[in-house]
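Working notes for the structure below.
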Amino acid sequence: MIRVLELYCGIGGVAAALGMHRPGGAEHDGADSGAAEIVAAVDLDRTALAVYAANFPGPTVPRNLDRAAAGDLAVHRADLWTMSPPCQPYTRRGLRRDLEDPRAASFVALVAALDAVRPPYLFLENVPGFAGSRAHALLRETLDRAGYEVGERLLCPSELGSPNRRRRFYLVASREGRLTWPAEGGPREDRPPRLEPAEVGCPGGGQGDDRRGTGPTLPRRPLADFVASHADPELTVAAATVAAYRHALDVVDAADPAAVTACFTAAYGRSPVRSGSYLRIGSDGGPGDSTGEALPALRRFSPREVLALLGFPASYRLPPELSRATGWRLAGNSLSLPPVRALLTSLPPLAHLGGAAAEATGPPRPARAAAATSPAPLRRRGATLRRLTAPVAEPG
């Protein structure tokens, strides 16, 4: 069993991806809960930690990681460190200040601790803008100096059969055993991919929506599988809001088998645009503009539905006292489980998770013919690769 230190744990995206659950609770769908032990879950957000503790075993640690020291982390004797550092230093909205952003201080401290402790394995998730940043260069220099084998790629859950866009940068590193990568229709590949400047400079990603035209590698689950049959009327969007932003809203229809939702961010419910999708619930949303076209009737996705689209299982619980706004914020700051699980299978101790690792979990799915479960083949690179230098372009 691999010992995991979950840094920036939030509401437990890594724990959920590993199939962790509280003793006596419902098993998480499609995962092996005996694969790992969370030795500590660390985050500054006490509300997120309370939600984490309601779902997963293991100690939660409220802590500002800006002052993380090697000795404080080494005491956990963890095999795998996982981290999803603050993304704002690498986004357009965050002004892309990179290491000059105070919110990057905790990451710098953790890289120094990583260099001193050198745990066997590392997993990192961040926005695509992290790739090619000075923070990325700092991490790669540290890992290369310490003798880690490193694999990294950009991946969206829509490539793994999920009807949700959330393109992110992922990195895994190992000092004990070779990284292996699921390959479509064949054996696992034993050479980890590295991004090159041409890949890093491609459009899309960031904190907002990613509308790249990459089709799914796995059969896509219909959006209707993730939508509640009866929704709270308070989720309905006011006609005035629809009228004001009708041309900027991302609208999806649960009856559309090709529907894919936009990336849900922590601003969903506060920012009307570029924070997630809206569900069409009818065409009678009130009078339209001067053209006389009727407004669509829309509603927001509930926090529970957003979590399902991120791959959290139906057994995952949000405390009843948690406000809807807080639920949206916590979900928007969390991880998409299908890519996380797919990348974790590249680590030798977790390779056996591969079967279900690439599939969205979400709510119970209807019986259907079994589909292939391997994610998109990862591009193989030669031994000599250029250092990433170009920042990722975000949608304007």
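Coordinate-derived values only; no laboratory data. Source: prediction; values computed, not measured. Cβ placement follows ideal geometry from the backbone for every residue including glycine, while neighbour counts extend to all protein chains displayed.
A few points about this structure:
- In whole percents, the pair-distance distribution calculated for the stretch 32-157 from its alpha-carbon pairs, binned every 10 Å from zero, is 11, 40, 38, 10, 0.
- FRET efficiency for residue 92 and residue 324, using Cβ-Cβ distance with R0 set to 25 Å, rounded to 0.05: 0.35
- Placing a pseudo-label 7 Å from each Cα along the Cα-to-Cβ vector at residue 22 and residue 67 gives an inter-label distance of 3.1 nm.
- Cut-off 9 Å between beta-carbons: net charge of the residues surrounding residue 55, Lys and Arg +1, Asp and Glu -1: +2
- Taking 7 Å steps out from each Cα toward its Cβ at residue 273 and residue 103 produces label points 2.1 nm apart.
- As a rough guide to protection, the peptides 238-249, 146-157 ranked by mean Cβ packing within 10 Å, highest first, stand as 146-157, 238-249.
- Cut-off 19 Å, label 7 Å out along Cα→Cβ of residue 240, residues of the stretch 264-280 by amide N: 269-273
- FRET efficiency for the pair residue 175 and residue 293, taken as 1/(1 + (r/R0)^6) with r the Cβ-Cβ distance and R0 = 45 Å, rounds to 0.15.
- As a rough guide to protection, the peptides 88-98, 306-316 ranked by mean Cβ packing within 10 Å, highest first, stand as 306-316, 88-98.
- With all pairs of different C-alpha atoms in the average, the Kirkwood value for the hydrodynamic radius of the stretch 104-176 is 13.1 Å.
- Rounded if a/c under 1.5, otherwise prolate or oblate - the stretch 82-144, Cα gyration tensor axes: prolate
- Potential lengthening between residue 317 and residue 112 on full extension [0.36 nm per residue; Cα-Cα distance subtracted]: 70.3 nm
- Qualifying GluC sites (Glu not before Pro) for the stretch 19-128 [loop in DSSP, other Cβ within 10 Å: at most 16]: 27
- Values of log10 I(q)/I(0), in the order q = 0.26 Å⁻¹, for the stretch 288-341 under a Debye, Cα-only, solvent-free model: -1.05
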